[in-house]
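Reviewing the structure listed below.
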Amino acid sequence: MRKTLVLNATYEPLAAVTLQRAVVLVLQDKAVVEHAHPERRVRGRTVEIPMPRVVRLKRYVRVPFRQQAAWSRRGVLARDNFRCAYCGRRATTVDHVLPRSRGGADSWLNTVAACAADNHRKADRTPEQAGMKLLRRPFEPTPDAALVAALGLATAAEGEDADGASVSWLPSMR
């Protein structure tokens, strides 16, 4: 099912909703379409609107402060732009830097995207024990960046490569 990003009146990301819910918000005049699919439209008997990818609420909604982004496998893959942290090829799995069997947690700082071959090769070892080098260090994205990246929309978040140099995280548009 297609998801649409909902922005607050101040342009901060709030949530991802279904296409149907986004269209209802626009039709009820509670939101405006900020970014739409270039060729597709939603049509009804008496109305036609662009298919929304991003909508912005007209009124500000107060939300509690989120200190951390919730960890998820999809979020780790999106954070790493679906690229293996060991070889740079397309990643389909999530690898624990410190394996779970050795006390490693499901956390942003302990997981990286990995291709199946490298994940299998590393197995139940640390990268050092397996003789593998991380191309970039895992980092914790901001809650807003994690939400936008999970939707596959472009955003910028900061991290470091394995040498400590700052890198920008730019997931591709889907």
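Could you please find all residues in the stretch 85-132 being closer than 21 Å to Gly75 by Cβ, outside any loop (DSSP other than H, G, I, E, B) and open to solvent by 40 Å² or more (accessible area, probe 1.4 Å)?
Arg90, Arg100, Ala116
Return the only residue of Arg56, Arg45, Arg21, Arg62 being over 25 Å from Pro143 (Cβ atoms) and open to solvent by 40 Å² or more (accessible area, probe 1.4 Å).
None of the other options fit; the residue is Arg45.
Is the stretch 95-113 home to any residue that is more than 30 Å from Pro127 (Cα to Cα) and touching a strand residue (DSSP E or B) at 6+ places or on another chain (Cβ under 9 Å)?
Within the stretch 95-113, not a single residue is more than 30 Å from Pro127 (Cα to Cα) and touching a strand residue (DSSP E or B) at 6+ places or on another chain (Cβ under 9 Å).
With the structure loaded, tell me whether Gly159 is at pLDDT 80 or above, of a type in the set (Gly, Ala, Ser) and open to solvent by less than 70 Å² (accessible area, probe 1.4 Å) or whether it fails that test.
no
Residue check, Pro38 against (1) closer than 30 Å to Asp95 by Cα; (2) at pLDDT below 90; (3) not in a loop (DSSP other than H, G, I, E, B), all met but one. Which one?
(1)
The values are calculated or read from the model by the stated rules, or taken from the named source; none is laboratory data. Since the structure is predicted, the reported quantities are computational estimates derived from the model, not experimental observations. Reconstructed Cβ throughout: ideal geometry from the backbone, glycine too, with neighbour counts over all protein chains shown. Just so you know, the surface numbers come from the protein's heavy atoms only, side chains and all, with ligands and any DNA or RNA stripped out. Shrake-Rupley method; radii C 1.70, N 1.55, O 1.52, S 1.80 Å.
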